[in-house]
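First the structure, in the form of structure tokens, and then the observations on it.
The values are calculated or read from the model by the stated rules, or taken from the named source; none is laboratory data. Computed from a predicted structure; not experimentally measured. When we count neighbours, we look across all protein chains shown, and the Cβ atoms used for this are built from the backbone with ideal geometry, even at glycine.
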Amino acid sequence: MKFGLHMHGETMPRWGIPELDEVCGEIPSDYVILFEGPPGAGKTTLILHLVKSNAEEGRKIYYLSLNESPKKLVSLGRSVGVDISGYVDSGRILVDFPVMISDEEVIEYISGEITRRVLEGYDMVVIDSVTPLMKLLENYGRKRSWLHTVLYRILSQKDVSLVLVADTLMRDDPDIKLLEYLADVVVSLKVEENGVVGITRSMTIKKFRARPTPLFRFYYTITPNGILILNYIRGRVTQGHVSYAKLIDVECGAAKKIFGPHLYSGTQVFIRVKNPVIPAICFTDYLQQVIARVSKERNLKVAVITYNPLTYTMGYGESEEGSDHVIVHHHIQRAVKLLGPNLIRLRTEPGAVSITELLRREAEMMLREDVGAIAIAGLEKICDVHGSSAKKFAILAINNMKSAGILGLRIYTDAGEEEKNGSSEMLTTYYRWSDIVLELYVNEEGQAMIKAVKTPVAPHGVKVLDEEFCKCVET
């Protein structure tokens, strides 16, 4: 179902953001839509998506900008991957930037222009932002009269959509309350800034007249290619993964003790390497071998994301040892050999980016329909840098991969101080939300062990010697 407008009996897209289209459904074209939020939340960027999407479908939009000139608005759109310049040049989008002398002149001009554009056949009116107009109208009676009579009644009678942008500058703002009361759809945006997490933006649908309100908070980031939703994988992408997804047969006897006869798409596996660190070469080689086989059979990519400043280089196994002390481990060398061109490698230093940026990079991998599995190493580094703030990162990342039907492998290596920087809290989160949890450690005899703490085939857990996997590994 699409979130759209009805024009000449047709349903048309509204957002230009597929995830919102899918969750929110359709909306009548005579509705008033309010976008409210603090400065920096991304309101104008979201409106630009909406405006461009409707212009692409043939709608005429009157964009009344009280904050940005037409040139600056077009420039802003280009900077966030939403180029509306062609529609502005053609007149499909008319950007008006009124500069008036008196307050009364501003109100009179805007009222007259909106009425004029509606009579000329414009399908949508955008006011960005309505906040200064509310201040000019001063008292509650004038505000309600102007909004209800001049805007709401005129536009609804002509089957024209009205989009209002409002700044939330203080709590319990009476102007916001009035706008929310008159609007048919209310989208509330939030922005939080934390030195560790970075800038976190989110939005919720607070009101949706005549239908159930979607109880969902979208987390998103603004990229050079537009708004990217971080915690929802839309159906088209999921279906793309499902079309490739089949059960992965587990033929190795040792592996069946942990995974059962099949490994399902979307399974999330968490591997904790306990101190002292052990290689568990046969077990990891077996996993890579199975993933490589499935990758080649189904022509799927495998993404390897490493969160460690002393880790793997980009490319296919080349080392830059001596320049930045990069270590190319046995496991990544074997992955390069097994996967070849089906391997996508992304090296990320968690200290250089925020939690939101880390989520963005993983989300971009998940949006690729040709990616069937994602392996993530160095999760302990995220704890070292971001502490307990990484909990939200863990939950969102796991749920995203489950929704997309992507096999996820996450590797955490103990640093010896579990309580440091919220590591214990993050471990608890991974243990709870992952489908399979494995611990790699050394037993009293000095043997490498794989302990399945959480697995669907062994409710009370199971222990397997690493050497049992050796006979399953092809040399």
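Remark: pairs (first residue in the stretch 73-99, assigned by TED's automatic domain parsing to the domain that holds A55 and surrounded by fewer than 14 Cβ atoms within 10 Å (Cβ to Cβ); second residue hydrophobic (A, V, I, L, M, F, W, C) and not in a helix (DSSP H, G or I); Cβ separation under 8 Å; 6+ apart in sequence or on different chains) = P98/L64; P98/L66. Consider the stretch 133-155 and keep the residues that are more than 16 Å from R117 (Cβ to Cβ) and aliphatic (A, V, I, L, M). The one that is surrounded by the fewest Cβ atoms within 10 Å (Cβ to Cβ) is L136. Return the residues of the stretch 53-70 that are out of contact with any Ser or Thr (no Cβ under 7 Å at 6 or more places or on another chain), under 22 Å from D167 (Cα atoms) and not hydrophobic (A, V, I, L, M, F, W, C); say none if nothing qualifies. Y62, Y63, S65, E68, S69, P70, listed by residue number. Within the stretch 208-230, the set of residues being surrounded by 16 or more Cβ atoms within 10 Å (Cβ to Cβ) and touching a helix residue (DSSP H, G or I) at 6+ places or on another chain (Cβ under 8 Å) comprises F208, F218, Y219, T221, I222, G226, I227, L228, I229, L230. Among the residues making up the stretch 35-68, a single one is of a type in the set (D, E) and out of contact with any helix residue (DSSP H, G or I) (no Cβ under 9 Å at 6 or more places or on another chain): E57. Residues in the stretch 1-47 that are over 17 Å from the mean Cα position of the chain (by Cα) and acidic (D, E) were compared, and the one that is modelled with the lowest pLDDT is E10.
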